[in-house]
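One structure is given here, and the rest of the page talks about it.
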Amino acid sequence: MQPQRQQGASLIEVLVALTLVAFTMLGLLGLQLRSMSSQKDSLDRRTAALLAAEFSERVTANYLGAEALRYDGRVFNPLDTAPTPAACATPANCSDLEIANRDWAQFTREVRARLPGGVAFAETLSGANTPLQITITVGWVDTQRIEQLNVGGAKVVRDAACPDTEEMKAELRYRCYVASVHP
């Protein structure tokens, strides 16, 4: 008499295989969530770069306003409401200040509309031996930083690219993008 050969898989083998598949799926799910979070950060960074580039074009178009430091010291903080772009007093002949105010209002409205918790800053650097340069900073609330802040013991430092204003000193949730324009 010949011994019977086993056919099929035992219940233990099936359970081991299902356990391995479950752990693999959990790992893939974690990888997918991390990938989506990185993609969100990448999209916010791209949006900030586009907004800064658009504003740079406006500043370059208003060279007289840039030269007269009309864009210097502009601040749009997290609690500010975006200003409404005002029409020029004389539409056919806008002053460089009116153009700068309108440019800033349009820029801040776009920042607030397209970035979560959007903030913006503009600072002019000029001197006797220094060419005119305007630094534009765009910031947004980063969801990864919020998650890290909510986890006990997670070390989150302030983004060094963000300006050192009173409102932003304590803000750890923000990421910032900095661009410079030489009109």
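The values are calculated or read from the model by the stated rules, or taken from the named source; none is laboratory data. Just so it is clear, the model here is predicted, and its values are computed rather than measured. Reconstructed Cβ throughout: ideal geometry from the backbone, glycine too, with neighbour counts over all protein chains shown. Please note that ligands, DNA and RNA were not included when accessible areas were found on the heavy atoms of the full protein model with its side chains. Shrake-Rupley method; radii C 1.70, N 1.55, O 1.52, S 1.80 Å.
Set the Förster radius R0 to 35 Å, insert the Cβ-Cβ distance between Ala68 and Ser38 as r into 1/(1 + (r/R0)^6), and round the FRET efficiency to 0.05. Write down the numbers at each step before the final one.
On the way: r = 42 Å, r/R0 = 1.20.
Calculated transfer efficiency: 0.25.
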Any idea how far the Cα center of the stretch 97-123 sits from the one of the stretch 137-183, in Å? 18
Given unit charges at Cβ for Lys, Arg (+) and Asp, Glu (-), the dipole magnitude of the chain about its Cα centre in debye, nearest 20, is 720
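On the protein heavy atoms, probe 1.4 angstrom, tell me the percent of accessible surface of the stretch 48-148 carried by carbon and sulfur.
Working: 2610 of 4980 Å².
Whole-percent figure for carbon plus sulfur exposure: 52.
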Roughly how many nanometres apart are two label points built 7 Å out from the Cα toward the Cβ at Leu97 and Arg114? 2.9
Ignoring ligands and nucleic acids, Val16 exposes an accessible area, probe 1.4 Å, in Å² to the nearest 10, of 80
Lys and Arg at +1, Asp and Glu at -1: add these up for the other residues within a Cβ distance under 11 Å of Val75 and post the number. -4
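Please work out the average accessible area per residue across the chain, using the 1.4 Å probe convention, and give it in Å². Write out the running numbers ahead of the final one.
Numbers: 11750 Å² over 183 residues.
Value for the chain: 64 Å² per residue.
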Of Leu69, Leu33, which has the most accessible area and how do the rest follow, probe 1.4 Å? Leu33, Leu69
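What Kirkwood hydrodynamic radius, in Å, does the stretch 1-155 give when the mean of 1/r is taken over all pairs of distinct Cα atoms and then inverted?
Values: mean 1/r = 0.0498 Å⁻¹.
Every distinct Cα pair counted, the radius reaches 20.1 Å.
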Go ahead and run the numbers for FRET between Leu172 and Leu20, Cβ-Cβ distance against an R0 of 45 Å, rounding to 0.05. 0.65
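For Ile146, Ile134, Ile12, give the ranking by accessible area with the largest first, probe 1.4 Å. If you can, show how the numbers build up before the last one.
Working: Ile146 55, Ile134 0, Ile12 125 Å².
Descending order: Ile12, Ile146, Ile134.
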